[in-house]
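Here is the structure we will look at, set down as structure tokens.
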Amino acid sequence: MKYLLLLSCFCFQLVHAQKINFSSAVFQTGDNPQWRIEKLDDKSWKPIDLHDYWEKQGYDNYNGFAWYRIHFMLPSAAKNKAVIKDLLEVFFPGIDDVDITYLNGVEIGRTGRMPEDPKGYKSGGRIKERHYAIASNHAALHYDQDNVLAIRVFDGGGTGGVFGSQQFIRFWDPIDYISMDAYATSFDFKKNAVSKEISFQNSYSGTLKGVLTTTVQWKDSVVKKYNQPIQLPIGKSVVLFNDLPKLDAASVSFVFTESINQQSIAITQEIPYILTPTEKQTPQIHNAKAFGCKPNVPFLLAIAATGVQPMQFEVAGLPKGLTVDVQTGIITGAVANAGTYAIKVTANNRLGKSTQKIDLVIGKDNVIVTPPMGWNSWNCWGLAVSDARVKSSANAMIHSGLANHGWNYMNIDDGWEAEKRTFDGSILANEKFPNMKELGNYLHANGLKFGIYSSPGPTTCGGFLGSYQEEAKDANTYASWGVDYLKYDLCSYRKLYPNQLNLQQLQAPYFKMNDALKASGRNIVYSLCEYGMEDVWKWGHEVGGNVWRTTGDITDTWTSLKTIGFSQEIPASYNSNNYGFGDPDMLIVGYVGWGDNLHLTKLTPSEQYTHISLWSLLSAPLMLGCDLARMDPFTYNLLSNDEVLAIDQDVLGKGPKKIDFSTDVQVWTKDLADGSKAVGIFNLGNQLLEQNIQLKAIGLEGNYAIRDVWRQKNILSTSAVKASIPSHGVLLLNIKKK
């Protein structure tokens, strides 16, 4: 439509005038196109509160279509008093999960795709705000008369409807034409300071002016503050801030105050702080202490080592059938006989050498013995994934150095499949992936592993071909391409059953694909993705899974991270090296975006330290979901701390135990193979935590050697730690009895 705009929303606060709030509507389940019209008699419809889901208002377990109708009057006086009289905004903080919104029968906006869409149903995003704009002189709009907003909602499952703290219609102000973005670029580290770019977009018809106030706070003190006059011409402007101080967990706020009516937009960010020491130049080997593979299948293990290049490798004790490339450290071949083979790996450079023992655990059920580490395309590219983007990410995995720390899986998520199968039913890749076998060879030649995605249903979540009734053919095709990992996402399989799936129905397709993978002749990690239904951690291993999703999708917000991560104690309690590993979803660090438009994660640096620490304590798969080609120094540092990664890759593979230490503090402890414990002390509160914590208060009696894992630094005390933990941050320790 001519007047329809979908507005981007960053983390800003606005003060608005000329606004009409909505708190209630009338409601009807079902679907009828006539319900959008202005003059519909809706007096028999039921009243409903707009602040909460319909399930909580007498519509338990209802999924499908429903309509809301909101009646309101817009006074012409409101337009007369408005500073800018051109546009009105209709705002809904959340709709679960697809909507089309009409004003007096005329569509003004939609989010997501309805089931009848030719491209298939697609969720609009439960937590995605709806900002729909219409011209103030739009023919459908009536002043000083009754108007009707009709909202057609489709809920695909779970909670449904319009919800949130405040819904409204209002006239735009000058500030509404300005967006301020701090997430397009990362902080730039210099020797003694940090710089940051802030971008503005002015969509008004002329230049807007104002003052930008920058304030840096550390703990409870303001350490820097200055004002800067800003002129914003039409289009995009970038402002560079230099010399922000380097302080652990300091915050910087940017407040732009527009000059016409003194309204403001504000962004506050935590300045990244680097904890991991600089990598040593001497050789250091970082593989897990054990590596699993089935017998008589292609074997691939790249020695993960940091240090000055060039480097050469030696391996003693390799079983028959395996060889090592002394220049690259890539071990290939096949092992005929099951068993555990202890090998000794040595890395040499001009400054010295390093050795490490690794147990090769070869057995029919030993696809993996530690959680996989790598990358998945979904959280950055979504359905826009391509061969070029996978190769770019693979090259970045190598050249950034992350592969030298054990990150090795390169997994393509949804969006690779062709529209049709071949005449014999074989799956094909679409035009974005011209040669899957060549891609697999490319990855393997660099010591990386190749992952792919499918669904047990007829279609994937993105509407592409699934593996329903073609499991054996698909598994054989994957094997011919050299695939090492399959994410198997439930998606449309649920539509095959009109009622909720029972356990047997849920397990059946996973059993079937497991049989196909076993017969394929490759060592393929089997990742079950059914969002934790029916306590999958209790039976994922039974159907052949190596890892299994325990939750719904994660997003780059503290609420999502906290809700998912800190609810994993029970699922993770089933983890072990000979059973499998719960997967609380992919990592949300770096540049993410689920499509072509990426942004820097909305998690603060402290929240990212919490993210990696908690996932490592959980023995969770570590799957990056960012654009690896845009790796900033903070993100690389976050992902290259080998002592942290060793907690995740510990050969016991156990999950942690949780202690609710106080209202805002949780302590998670994990037993490690060497007899020590990994301990995470998490500050879930909104203020800095400064406290001496006695180890006996978390159940550890006696004296211990204590090490700060992120800082890779020993703590002198043997019975207590001085915790200074930022809001939403963590202190991660390794504790061993003396």
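The values are calculated or read from the model by the stated rules, or taken from the named source; none is laboratory data. Source: prediction; values computed, not measured. Cβ atoms come from the backbone with ideal geometry, glycine included; neighbour counts cover every protein chain shown. Remember, those area values only see protein heavy atoms, side chains included, never the ligands or the DNA or RNA. Shrake-Rupley method; radii C 1.70, N 1.55, O 1.52, S 1.80 Å.
Points to keep in mind about this one:
Let's see how each residue does on (1) among the aliphatic types (A, V, I, L, M); (2) in contact with a strand residue (DSSP E or B) (Cβ under 8 Å, 6 or more places away or on another chain); (3) within 21 Å of ASP325 (Cβ to Cβ):
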residue	(1), (2), (3)
ILE398	yes, no, yes
MET436	yes, yes, no
GLY463	no, yes, no
LEU490	yes, yes, no
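- Test: residue in the range 391-412 that is over 28 Å from the mean Cα position of the chain (by Cα) and at pLDDT 95 or above: no
- Yes/no for ILE20 being closer than 23 Å to GLU129 by Cα and β-branched (Val, Ile, Thr): yes
- Yes/no for GLU197 being open to solvent by 60 Å² or more (accessible area, probe 1.4 Å) and not small (Gly, Ala, Ser): yes
- Selection status of PHE450, in contact with a Leu (Cβ under 9 Å, 6 or more places away or on another chain) and not in a helix (DSSP H, G or I): yes
- When THR370, THR340, THR332 are checked against the criterion of being part of a strand (DSSP E or B) and closer than 22 Å to ALA673 by Cα, a single residue qualifies: THR340.
- Every residue from the range 21-37 that is surrounded by fewer than 17 Cβ atoms within 10 Å (Cβ to Cβ) and in contact (Cβ under 8 Å) with a residue 60 or more places away in the chain: ASN21, SER23, ASP31, ILE37
- Residues (under 32 Å from the mean Cα position of the chain (by Cα) and either polar (S, T, N, Q) or open to solvent by 50 Å² or more (accessible area, probe 1.4 Å) (or both)) located in the range 53-73: LYS56, GLN57, TYR59, ASP60, ASN61, TYR62, ASN63
Condition check ((1) farther than 30 Å from TRP668 by Cα; (2) of a type outside the set (A, V, I, L, M)) across all residues:
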| position | (1), (2) |
| --- | --- |
| LYS473 | yes, yes |
| ASP484 | yes, yes |
| LYS495 | yes, yes |
| GLN505 | yes, yes |
| LYS512 | yes, yes |
| LEU517 | yes, no |
| LYS538 | no, yes |
| ASP553 | no, yes |
| ILE564 | no, no |
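- Selection within the range 14-38: residues that are in a loop (DSSP other than H, G, I, E, B) and at pLDDT 95 or above. The member of this set that is nearest to PRO75 (Cα to Cα) is GLU38.
- Test: residue in the range 460-473 that is within 21 Å of ASN408 (Cα to Cα) and not polar (S, T, N, Q): no
- Residues of the range 434-462 classified as surrounded by fewer than 22 Cβ atoms within 10 Å (Cβ to Cβ) and either in contact with an Asp or Glu (Cβ under 6 Å, 6 or more places away or on another chain) or closer than 22 Å to LYS495 by Cβ (or both), total: 4
- Residue list for the range 74-92, filter: within 17 Å of HIS142 (Cβ to Cβ) and under 39 Å from the mean Cα position of the chain (by Cα): LEU87, LEU88, VAL90
- Filter result for LYS654 (basic (Lys, Arg), farther than 29 Å from ALA182 by Cβ and not in a strand (DSSP E or B)): yes
- Filter result (outside any strand (DSSP E or B), of a type in the set (A, V, I, L, M, F, W, C) and surrounded by fewer than 18 Cβ atoms within 10 Å (Cβ to Cβ)) within the range 97-136: ILE127
- When the range 200-244 is filtered for residues that are under 30 Å from SER724 (Cα atoms), out of contact with any Leu (no Cβ under 8 Å at 6 or more places or on another chain), surrounded by 14 or more Cβ atoms within 10 Å (Cβ to Cβ) and among the hydrophobic types (A, V, I, L, M, F, W, C), the ones remaining, listed by number, are PHE241, LEU244.
- Number of residues in the range 333-363 that are over 17 Å from LYS289 (Cα atoms), without any contact (Cβ under 8 Å) to a residue 60 or more places away in the chain and open to solvent by 50 Å² or more (accessible area, probe 1.4 Å): the value is 4.
- For the range 466-492, a residue qualifies if it is in a helix (DSSP H, G or I), modelled with pLDDT of 95 or more and buried (at least 17 other Cβ atoms within 10 Å of the Cβ), and the qualifying residues are GLU471, ALA472, LYS473, ASP474, ALA475, ASN476, THR477, TYR478, ALA479, TRP481.
- Near pairs, Cβ below 9 angstrom, 6+ apart or cross-chain, from the range 187-199 (under 8 Å from PHE241 (Cβ atoms) and assigned to a strand (DSSP E or B)) to any residue that is open to solvent by 10 Å² or more (accessible area, probe 1.4 Å) and charged (D, E, K, R): SER195/ASP188; SER195/ASP243; LYS196/ASP188; GLU197/ASP188; ILE198/ASP181
- Within the range 559-611, being more than 20 Å from VAL730 (Cβ to Cβ), more than 13 Å from the chain's Cα centre (by Cα) and acidic (Asp, Glu) holds for one residue alone: ASP596.
- Hits in the range 309-326 (condition: exposed (fewer than 14 other Cβ atoms within 10 Å of the Cβ) and either closer than 20 Å to LYS280 by Cα or in contact (Cβ under 8 Å) with a residue 60 or more places away in the chain (or both)): GLN309, PRO310
- If you go through the range 162-173 and keep only what is crowded, with 20+ Cβ neighbours inside 10 Å and in contact with a strand residue (DSSP E or B) (Cβ under 7 Å, 6 or more places away or on another chain), you end up with VAL162, PHE163, GLN167, ILE169, ARG170, PHE171, TRP172.
- For the range 705-729, taking the residues that are in a loop (DSSP other than H, G, I, E, B) and under 15 Å from GLN666 (Cα atoms), the one that is least open to solvent (accessible area, probe 1.4 Å) is identified as GLY729.
- Scanning the range 79-98 for residues being touching a residue at least 60 places away in the same chain (Cβ under 8 Å) and closer than 22 Å to SER492 by Cβ gives a total of 2.
- Matching residues in the range 202-260 - criterion: being assigned to a loop (DSSP other than H, G, I, E, B) and either in contact with a helix residue (DSSP H, G or I) (Cβ under 6 Å, 6 or more places away or on another chain) or closer than 26 Å to LEU87 by Cβ (or both): SER203, TYR204, SER205, GLY206, THR207, PRO233, ILE234, ALA249, SER259, ILE260
- Per-region count, the range 682-704, residues open to solvent by 50 Å² or more (accessible area, probe 1.4 Å) and in a strand (DSSP E or B): 4
- LEU645 touching a residue at least 24 places away in the same chain (Cβ under 8 Å), open to solvent by less than 20 Å² (accessible area, probe 1.4 Å) and within 32 Å of the chain's Cα centre (by Cα): yes
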